[in-house]
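Input: a single structure, listed below in structure tokens.
Each reported figure results from applying straightforward, stated rules to the coordinates on display, with no laboratory input. Quick caveat: nothing in here was measured; it's all calculated off a predicted structure. When we count neighbours, we look across all protein chains shown, and the Cβ atoms used for this are built from the backbone with ideal geometry, even at glycine.
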Amino acid sequence: MIKINLVREGRAVRGGGAAPAATPSVAAAQASAAANVNNIIIIAFLIAAAVAAGAYWFIMKGKLTSAQEQVTSKQAEAQKLEAIIKDVEAYQKRKDSLQKRIDLINQLKQNQKGPVRVLDRVSQDLPDLVWLDRMSMGGGTVSLVGRGLNPNAIANFVDNIKNDPMFEEPELGSVTLVSPNPLIYTFDMSFHFTYAPKTDQATGAAGATTTAGATTTSQGATPGGRKP
């Protein structure tokens with residue numbers, strides 16, 4: 001005879017009926033796992049963002065340091081250049097001052113030589129029987145007051161001045177007899193002078209020649225360098 005344990009089967013049936021109650025736990029576990037994954041993703045994103053921010057900060061810091069070093073280098077170079085510029089300016093000032101002194105000395109030397117040369121030329125042009133009482137220079141003009149024993153000697157002096165390459169056409173003021181015995185005549189004369197001699201007229205050729213930037217035309221000159 002076969003016996004069936006109904007109690008165990010009932011328990012088994014009841015146990016089997018309780019099995020569906022375990023499904024919410026699995027869902028909760030899955031939800032928890034999904035939440036953990038999300039948290040991990042968020043944490044990973046935050047870590048990546050922090051790493052990127054740190055890397056960017058280090059890069060920018062390096063650039064800033066490099067820029068600061070360049071600025072410091074440029075400032076040092078600018079200071080050196082500024083010192084050099086000051087030295088050059090001081091040198092230029094000393095050079096200009098020295099050049100002014102040299103020009104002044106040369107001008108004084110020229111002024112000293114000028115009257116001496118003019119006086120030497122006048123003395124060479126002075127003929128016999130004529131002498132000078134007074135001579136003055138100013139503004140490129142020579143003024144003479146002298147005496148002569150006859151009008152012809154005075155006329156020769158005028159011709160000599162006229163044909164001298166350093167002098168322009170003279171202007172004879174007056175010739176006055178001041179002493180009948182012996183005969184003495186006084187005269188006054190003025191003319192312009194130049195330190196750049198005019199064209200030498202000793203060749204007797206009429207023409208125009210440029211000397212020291214000026215053109216002087218000589219016409220009708222005799223072989224002696226004087227007009228007839």
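Short to long, the 5 Å bins of the Cα pair-distance histogram for the stretch 61-198 hold 2, 8, 13, 13, 9, 7, 5, 5, 4, 4, 4, 4, 4, 3, 3, 3, 3, 2, 2, 1, 1, 0, 0 percent of all pairs. Computed from backbone phi, the HN-Hα couplings of the stretch 157-169 come to 4, 4, 5, 4, 5, 4, 8, 6, x, 8, 10, 8, 4 Hz, rounded to whole numbers (Karplus: 6.51 cos²θ - 1.76 cosθ + 1.60, θ = phi - 60°; Gly and Pro given as x). For the stretch 182-188, 3J(HN,Hα) computed residue by residue from phi via the Karplus equation (6.51, -1.76, 1.60; θ = phi - 60°) reads x, 5, 9, 10, 9, 8, 9 Hz, glycine and proline entered as x. Under 5 Å from the amide H of MET166 lie the amide H atoms of LYS198, each residue being 5 or more positions distant or on a separate chain, with H modelled from the backbone and absent for Pro and chain starts. Ordering ILE105, VAL158, GLN79 by the projection of their Cα atoms onto the charge dipole of the stretch 61-198, which places +1 on the Cβ of Lys and Arg and -1 on the Cβ of Asp and Glu, puts GLN79 at the extreme positive end. Here the stretch 61-198 is assigned +1 on the Cβ of each Lys and Arg and -1 on the Cβ of each Asp and Glu. Its dipole about the Cα centre then comes out at about 1100 debye. Ordered from longest to shortest, the equivalent ellipsoid semi-axes for the stretch 40-137 are 89, 9, 6 Å, each the square root of 5 times a Cα gyration tensor eigenvalue. Exposure proxy shown here: for THR65, THR194, the number of other Cβ atoms within 10 Å sets the order, fewest to most, as THR65, THR194.
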